[in-house]
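Chemist: Below are the structure tokens for one structure; questions will follow.
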């Protein structure tokens, strides 16, 4: 666990590498994946749909 020593915070290497996952990260990944699928679908429809 991170310990606080004035004026710095000391963490282990594993703690320093860990990222935070939360609802905002999940929403960003879902929205970006949906937009990518939409763009690819529009490109396919514009160029390959007969």
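Nothing in this text is a laboratory measurement; each read-out follows from the coordinates by a stated rule. Computed from a predicted structure; not experimentally measured.
Chemist: Run through all the Cα pairs of the chain and give the fraction in each 5 Å bin from 0, expressed as whole percent.
Modeler: All Cα pairs considered, the percentages come to 4, 16, 11, 11, 10, 10, 9, 8, 6, 5, 4, 3, 1, 0.
Chemist: Rounded to the nearest 500 deg cm²/dmol, what is the calculated helix-only ellipticity per residue at 222 nm for the chain, with -39500 (n - 2.57) per DSSP H run of length n ≥ 4?
Modeler: Rounded to the nearest 500, the figure is -20500 deg cm²/dmol.
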